[in-house]
1. Pairs only if they're at least six apart or on different chains, beta carbon under 6 angstrom, first in the stretch 285-308 and under 12 Å from GLY227 (Cα atoms), second assigned to a loop (DSSP other than H, G, I, E, B) and among the basic types (Lys, Arg); list them, first residue then second.
2. Please give the number of the condition TYR64 fails out of (1) in a helix (DSSP H, G or I); (2) at pLDDT below 95.
3. THR211 passes all but one of (1) under 26 Å from ARG302 (Cβ atoms); (2) modelled with pLDDT under 95; (3) of a type in the set (Val, Ile, Thr); which number fails?
4. Looking at SER87 and the list (1) hydroxyl-bearing (Ser, Thr, Tyr); (2) touching a Lys or Arg at 6+ places or on another chain (Cβ under 9 Å); (3) farther than 15 Å from ARG216 by Cβ; (4) buried (at least 21 other Cβ atoms within 10 Å of the Cβ), which single condition is not satisfied?
5. Being at pLDDT below 95 and either surrounded by 22 or more Cβ atoms within 10 Å (Cβ to Cβ) or closer than 24 Å to ARG110 by Cα (or both): is that true of PRO189 here?
6. Name the residue that is surrounded by the fewest Cβ atoms within 10 Å (Cβ to Cβ), counting only residues in the stretch 230-245 that are more than 12 Å from ILE176 (Cβ to Cβ) and in contact with a Lys or Arg (Cβ under 8 Å, 6 or more places away or on another chain).
7. Let me spell it out: the conditions are (1) over 19 Å from the mean Cα position of the chain (by Cα); (2) modelled with pLDDT of 95 or more, and GLU135 meets all of them except one. Which number is the exception?
8. With respect to SER304, is the statement that it is within 21 Å of the chain's Cα centre (by Cα), in a loop (DSSP other than H, G, I, E, B) and either surrounded by fewer than 21 Cβ atoms within 10 Å (Cβ to Cβ) or of a type outside the set (S, T, N, Q) (or both) true?
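The values are calculated or read from the model by the stated rules, or taken from the named source; none is laboratory data. All figures in this text were calculated on a predicted structure; none of them were measured in a lab. No Cβ is skipped: glycine too gets one built from the backbone with ideal geometry, and neighbour counts run over all protein chains shown.
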Amino acid sequence: MTNIIVTGGNGFIGSNLVNFLVKKKYNVINIDNNKYSKGSYLLKNLKVKNYKFINLDINDKKIYKILIKFRPDVIFNLAAETHVDRSIDSPKDFVYSNILGTFNILEQIRKFKKKYKKKIKLIHVSTDEVYGDLEKNKKSSELSPYKPSSPYSASKASADHLINAYARTYKIDVMISNCCNNFGPGQFPEKLIPTLIFNILNNKSLPIYGTGKNSREWIYVEDHCNGLFQIYKKGKIGESYNIGSGINLNNLNLTKFLLKIIRNKKILIGKKVKIKFVKDRPGHDFRYSLNCKKIRTKLKWRPSTNLSSGLEKTFSWYLKNYEFFNFFSKRKFFKRLGLTI
């Protein structure tokens, strides 16, 4: 049975990817340092023979011993600091995890490859934010220049460049995915959609940055996981692939759409649940959008979940798993960040 390592497997996308791969009967080794919680809520009941969790920081050189022990066919690298607002407050953490952590993984793969003459695929999960702000009707392709504008996106862009350099210099087998905004079950409550759901369920106002016109492309997390799997199975070594849905909404319209879905489910919404515009974060990119022609034509992948059904499934999951919100520190995840300017 094929061994697969997922770094950052206790995170939102990581946990969903671990479940996705375990169901496909792969041996999955999840490496995570449990920085944000006491474990993964989505994986807490996963007790199967083909899953193993290792509590470890990706900056630890013990990664090398794990490679020797499990001889993985592929590493999905999702271990990263991801929240833009948090990167504004603590940029050093993002340099440490996103750049130095990626560097350590590359070094251990290089060391392993040199000694054991075995290649390991590295699929590095990046973001559409590395391409930077876009004008209306523009889309970023895999050949678009990188123009990151936050400490988060700059750290992810740095990791992408480092990976491409290792591929060329040391012949490491790498592929990079750049995905749009994910949503779905188990997303941390600092992100927009779970924040809105939490506030709706608790009769609180709905905070929207600026005027709410900032636009993002949204994809259901299971579709993203399937896209990553297709890259693993069919992707070409040394290539990058955008993973997107083609669905763009600004934050204001997304909030209204979510409220409409909840009302259609005949759920009572409290009187205090009203949109509240709050101070924008510094350097807030206005719009992201991906050109995904490459993955659709070359790998025959496309998303299968539309925004309406995805949001309905997401809300139903949080409603059923409300205890999920107690998995996190209220001080850490329910406090407004990114207000340093």
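1. ARG296/ARG302
2. Failing condition for TYR64: (2).
3. THR211 satisfies all of (1) under 26 Å from ARG302 (Cβ atoms); (2) modelled with pLDDT under 95; (3) of a type in the set (Val, Ile, Thr) except (1).
4. (2)
5. Details: at pLDDT below 95: yes; either surrounded by 22 or more Cβ atoms within 10 Å (Cβ to Cβ) or closer than 24 Å to ARG110 by Cα (or both): no.
No.
6. Step one: list which residues in the stretch 230-245 are more than 12 Å from ILE176 (Cβ to Cβ), which gives 230, 232-234, 244-245.
Remaining after also requiring in contact with a Lys or Arg (Cβ under 8 Å, 6 or more places away or on another chain): 230, 232, 234.
Values: GLN230: 19, TYR232: 19, LYS234: 13.
Residue satisfying both the conditions and the ranking: LYS234.
7. The number of the failed condition is (2).
8. Working: within 21 Å of the chain's Cα centre (by Cα): yes; in a loop (DSSP other than H, G, I, E, B): yes; either surrounded by fewer than 21 Cβ atoms within 10 Å (Cβ to Cβ) or of a type outside the set (S, T, N, Q) (or both): yes.
It is true that SER304 is within 21 Å of the chain's Cα centre (by Cα), in a loop (DSSP other than H, G, I, E, B) and either surrounded by fewer than 21 Cβ atoms within 10 Å (Cβ to Cβ) or of a type outside the set (S, T, N, Q) (or both).
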